[in-house]
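Following: one structure in structure tokens, then a few remarks.
Where a number appears in this text, it was derived from the coordinates with a stated rule and is not lab data. Here the structure is a predicted model, which means the values were calculated and not measured. With ideal geometry, Cβ positions are generated from the backbone for all residues, glycine too; neighbour counts draw on all protein chains shown.
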Amino acid sequence: AQEEERVRAAQRIMELEEELAVCQRMIASQSKTSDMDHAAAETGKFVCEGAIRAMKSALDEQTREVEHLRAQLEAEREEAGRAVESMRRLADSKASDCERLLA
């Protein structure tokens, strides 16, 4: 679920970056726009840039959380491995004790 959310966020960032590029091309191609049109285009550009920054920030946060969860899972795996190995040693020791008692 985290990975899907991260992928969706990355796709949304790409969409917003495309929208920003469109806005920037419109601004560049309209050399004779009125001041109000130009201000509206600039506002749209800043809105797009702000949305992209927000999405990137959210994606970065999700990435950090995924990395934290991966590290936590790895630590739990290692702990489980140590517990299994400890139980094996204990079982081997008990088996040796039983063999000595039966001998």
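Helix content alone sets the calculated 222 nm mean residue ellipticity of the chain: runs of n ≥ 4 DSSP H residues at -39500 (n - 2.57) each, divided across all residues, give -35000 deg cm²/dmol. Across the range 47-63, coupling constants 3J(HN,Hα) worked out from phi with the 6.51/-1.76/1.60 Karplus curve, θ = phi - 60°, read 4, 4, 4, x, 5, 5, 4, 5, 5, 5, 5, 5, 5, 4, 5, 5, 4 Hz, and Gly and Pro carry x. Divide the volume of the convex hull around the Cα atoms of the range 2-102 by the residue count and you get 71 Å³ per residue. Only Lys, Arg, Asp and Glu carry charge here, each on its Cβ (+1 for the first two, -1 for the last two); on that basis the chain has a dipole of about 200 debye about its Cα centre. In order along the range 96-103, phi translates into HN-Hα couplings of 5, 4, 5, 4, 5, 5, 7, 6 Hz, rounded to whole numbers, per the Karplus curve 6.51 cos²θ - 1.76 cosθ + 1.60 with θ = phi - 60° and x for Gly and Pro.
If the chain linking ALA75 and ARG12 were pulled fully straight, counting 0.36 nm for each residue of separation and taking away their Cα-Cα distance, it would gain 19.4 nm. Available extension along the chain between ARG64 and GLU42 is 4.6 nm, counting 0.36 nm per residue and deducting the alpha carbon span.
Between 0 and 90 degrees, the angle of helix 2-29 with respect to the longest Cα principal axis of the chain falls at about 20 degrees.
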